[in-house]
Amino acid sequence: MNTTSTLPKVSVILPAYNEEKYIEQALNSIKNQNYDKNLVEILVVDNNSSDSTQSIAEKLSTRVELLIDGPVGKVRNRGAHLAQGDILFFLDADCIAPPNWLSHAVENISRNLKLVLGGGYELRSEPKTIEKYWLLDGPQGHILPKDLLGGCIALTKDVFFSIGGFDEKVTSGEDSKLSQNLKKAGYKVKIEREMSVIHLGNPTTAKAFLVRQIWHSENYLRNPKDTFNDITFILTLTFTFAIIALPITAITNKPRLATLMTLIIFTLPLIFSLKRIMRSKNLKNLSKLHKIYFLDFLYLVGRSLGLSKSIIQLFKKTK
């Protein structure tokens with residue numbers, strides 16, 4: 001890649017599954033970038049959508065590849081293998097990138113080819129209640145994540161393939177694992193606000209939020225070494241144990257244990273809520289503690305259900 005005289009060719013990879021509602025906005029955000037359009041390749045990898053995702057993408061003169069089966073990591077990897085650009089950008093089909101998204105990343109990565117850039121998810125202009133109290137704002141805007149998010153990543157093709165790309169075995173969390181693998185390999189992973197995108201596909205109802213958390217926690221036991229070093233998992237495990245133990249302690253007439261289990265169940269979400277508010281560095285969020293608490297309670301319920309599901313799946317495999 002020539003980093004001095006000419007701009008590099010870039011490839012933007014969008015995994016898509018039934019994204020007819022948002023994919024046109026996502027693709028237009030790339031077509032409207034302040035970067036030489038002749039140097040931008042857009043690849044939509046359709047994961048066997050049953051709606052009009054494919055036809056919408058093709059109508060916008062976008063290259064569409066089909067991947068009938070596989071988790072999102074495999075879908076992203078498929079796009080990367082087909083990409084002709086020197087720098088890979090991963091954007092989800094329900095996200096909108098700002099106009100300088102490509103140019104900002106290219107400028108910085110061209111100075112350091114081992115640099116990996118990522119951003120966070122911003123709220124739409126009129127967010128729903130669930131979105132507002134899950135993605136808390138800080139003094140400078142939305143809170144940036146600690147690890148890469150799959151919907152906003154930029155890195156060179158060489159760096160991506162040097163660590164084997166995304167994990168194709170997990171159904172979620174492939175972006176966090178990519179982030180960790182990159183750091184272990186000695187690459188610099190930088191999360192910055194300029195790389196953030198507007199996420200249109202956030203859950204907007206309690207049911208959708210719960211389902212999302214179940215999905216995110218299905219892979220807890222696939223990588224036990226990493227999982228058991230994760231404090232969030234330990235607290236989720238504690239919450240799950242308390243949920244299961246509470247009716248047992250009540251039936252066996254052990255009021256003290258029942259009280260302890262109840263205390264654990266209702267205290268752990270509060271710990272999560274206060275931690276998120278502290279991380280936001282915006283004490284105004286305290287005034288909405290009851291709404292934030294409700295989401296964290298729902299979060300732990302969903303994660304507990306996902307953990308239980310993974311335990312059942314593991315048990316079935318060992319039989």
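For the reader, a short list of remarks on this structure follows.
- The listed peptides 248-255, 228-235, 119-126, ordered by packing as a protection proxy, come out as 119-126, 228-235, 248-255 (highest mean of other Cβ atoms within 10 Å first).
- Seen against the Cα atoms of the chain and their longest principal axis, helix 101-111 is set at about 80 degrees.
- Shape call, the range 60-120: gyration tensor on alpha carbons, a/c limit 1.5: prolate
- Pairs of Lys residues in the range 208-318, spaced 8 or more positions apart or belonging to different chains, with C-alpha separations under 23 angstrom: 8 in total.
- Extension gain, LYS281-ASN38: 0.36 nm per intervening residue step, less the Cα-Cα distance, totals 83.2 nm.
- Residue of ILE198, ILE30, ILE68 that the Gaussian network model of the chain assigns the largest fluctuation, springs spanning Cα pairs under 10 Å: ILE68
- Net charge contributed by nearby residues that have their C-beta within less than 14 Å of ILE143 (K/R +1, D/E -1): +3
- Net charge over other residues, Cβ less than 14 angstrom from the Cβ of LEU246 (K, R count +1; D, E count -1): +2
- Percent RCO, i.e. relative contact order, over the chain, from Cα pairs under 8 Å lying at least 6 residues apart: 18 percent
- Local electrostatic count at LEU14 - Lys and Arg +1, Asp and Glu -1, tallied over other residues with Cβ under 11 Å: -3
- Of all DSSP beta bridges in the chain, antiparallel share, percent nearest 5: 35 percent
- Cα long-axis angle, helix 72-82 against the chain (0 to 90 degrees, to the nearest 10): 10 degrees
- Computed from the Cα positions only, the extents of the range 208-318 along the three principal axes stand at 49, 37, 27 Å, in decreasing order.
- Residues whose placed amide H lies under 5 Å from that of VAL45, excluding near-sequence neighbours: LEU14, ALA16, GLU65
- Folded to 0 to 90 degrees: helix 231-251 orientation relative to the chain principal axis, Cα: 30 degrees
- Prolate/oblate/rounded label for the range 10-202 (Cα gyration tensor, a/c 1.5): rounded
- About its Cα centre, the chain has a charge dipole of approximately 1320 debye under the convention of +1 per Lys or Arg Cβ and -1 per Asp or Glu Cβ, with nothing else charged.
- SER103-ASP147 FRET efficiency (beta carbon distance; Förster radius 41 Å; 0.05 resolution): 0.95
- DSSP bridge analysis restricted to the range 37-196 gives an antiparallel fraction near 55%, rounded to the nearest 5.
- Two-site FRET efficiency, ARG111 against ASN28, from Cβ-Cβ distance with R₀ of 35 Å, rounded to 0.05: 0.75
- Residue (of PRO139, LEU115, GLY151) at the positive-pole extreme of the range 108-152, dipole from beta-carbon charges: LEU115
- Comparing Cα centroids, the range 247-319 and the range 108-136 end up 26 angstrom apart.
None of the figures in this text is laboratory data; all of them are computed from the coordinates on show. Everything numeric here is computed off the predicted structure, so don't read it as measured data. Cβ coordinates were reconstructed from backbone atoms using ideal geometry, including for glycine residues, and neighbour counts include every protein chain displayed.
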